[in-house]
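Notes to accompany the following structure.
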Amino acid sequence: MTERHTEHERALLARLAEAFDRLDPVPSAVQAAAEAAGRQPRPAPSTRWLPLLRDTAIEPLALALRSGADGRVLGFGDPATALRVEVSDMDIGMGAGLRVTGLLSTERPCGKVSVCWPDGVAETPVDPLGRFEIDGLPAGPLCLRLWQADRLVAVTAWFVG
Amino acid sequence: MSRISTSELARAAGAGDQAAWRELVRRYNGLVWTVAREHGLPAADAADVTQATWLALAQRLPRLRDPDRLAAWLATTARRQSLRVLAIRRRETPLDWADVHTVLDGIHVDGGYDAGPDGAVLAADADGALWRAFGTLPDRCRQLLRLLAHAPELSYAQAGRALGIGLGSVGPTRSRCLAALRRRLESAGVHP
């Protein structure tokens, strides 16, 4: 868009940018978290990436009716994998944090799933029907990793839980 | 590092170069933060959106199809994450300008710039007039101008996608908003 700005407009936008930086700056913790994101372990090229295909947060009616779930339901997948995840608050008296309940359908069964956040990870086995559940997860960015034996085979897109 | 193109930085960061990654963050974290804030997210949610956007980039960087358009990718990703968080929280409150004015008032009171008291007051007054004039603009103007201030290289299509504005509206909106800002500054006795 640069070529469409006049010199005066460019100068005014530059002054605005300076004012934003001074008066509503990016907090230092946010800056540090962004830098730390670059140090996250990178999956091998063979690891499949599962994009977010559905999210009841933004299409609540249709999916909620189909799922019958109380929490937010997300769907990830590729031609070989379908992963349905419900994210909900822990029940009162059960502790703090989020609960992730999932249903996984793959060509080859996955033995475990791990849920990752920026500075931690929790894992759980997947039962023969493809079901799993993890409690006590922190709110904030999360992603899921699917494992066959000890081999990471797929990761989901990051989402804010 | 500042002379290296964004696409070169993206390729280097995708190969694991942490210095290149930090430079990308330095260039574009203001943009990502801005998109989250201008969607009306409070600071804690904006922090989550910003972090999730950079985590998404780290995950996708080795396979990013067009690193030349990294700024647009970041802005669009931050917008999508923001909309999801907004929907979860079911709140659509605007940016709390009272917070900003509190910061501004603090600058006036403390005179806290390195340039010294006189320079500090002048700088605060000039920034203050600009900031107050900006704060009186309609939401759509504030969103677009703030995005362009942080990433002037975005095309109309990219800026429109990042903010959910139709392609045909971006150019006229940008012109009207800049003209409105200029008029408000002139009314306040500031000549931009």
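As a test of the definition: which semi-axes, in Å, follow for region A:4-161 when you take the square root of five times each eigenvalue of its alpha carbon gyration tensor? Largest first, please. Don't skip to the answer; put the middle values down first.
Details: eigenvalues 255, 74, 63 Å².
Its equivalent ellipsoid spans semi-axes of 36, 19, 18 Å.
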Item checked: Environment charge at A:Leu152 (Cβ cut-off 13 Å; Lys +1, Arg +1, Asp -1, Glu -1) -> +3
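From other protein chains only, count the Cβ atoms within 10 Å of every residue's Cβ in B:168-178, then give the mean. Mind dumping the intermediate values first?
Details: counts 0, 0, 2, 2, 0, 0, 5, 3, 0, 0, 7.
The shielding value for this peptide is 2.
How do B:His150, B:His191 rank when sorted from fewest to most other Cβ atoms within 10 Å of their own Cβ? Let's see the in-between values first.
Working: B:His150 24, B:His191 7.
Sorted ascending by nearby Cβ count, the order is B:His191, B:His150.
Is the shape of region A:94-161 best called rounded, prolate or oblate, per the rule: a/c under 1.5 gives rounded, else a/b larger than b/c gives prolate, else oblate, with a ≥ b ≥ c the square roots of the Cα gyration tensor eigenvalues? Display every interim value, and only then the final one.
Values: a/c = 2.08, a/b = 1.50, b/c = 1.39.
In terms of gyration-tensor shape, prolate.
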Check: For B:Gly16, what charge total do you get from the other residues with a beta carbon under 15 Å from its beta carbon, if Lys and Arg give +1 and Asp and Glu give -1?
Finding: +2
Item checked: Estimated [θ] at 222 nm from DSSP helical runs (n ≥ 4, -39500 (n - 2.57)) normalised by residues in chain A, nearest 500 -> -6500 deg cm²/dmol
Check: Around A:Ala33, what is the net charge, scoring Lys/Arg as +1 and Asp/Glu as -1 over all other residues with Cβ under 15 Å from its Cβ?
Finding: -1
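Return B:Arg3, B:Arg132 ranked ascending by Cβ neighbour count within 10 Å, so the fewest neighbours appear first. Working shown, then result.
On the way: B:Arg3 5, B:Arg132 17.
Taking fewest neighbouring Cβ atoms as first place, the list is B:Arg3, B:Arg132.
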Item checked: Angle between chain A longest axis and helix A:28-37 axis [Cα atoms, degrees, rounded to 10] -> 50 degrees
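Any read-out appearing in this document is the output of simple, stated calculations on the displayed coordinates, not a laboratory observation. Remember, predicted model here, so these are calculated numbers, not experimental data. Backbone-built Cβ (ideal geometry, glycine too); neighbour counts: all protein chains shown.
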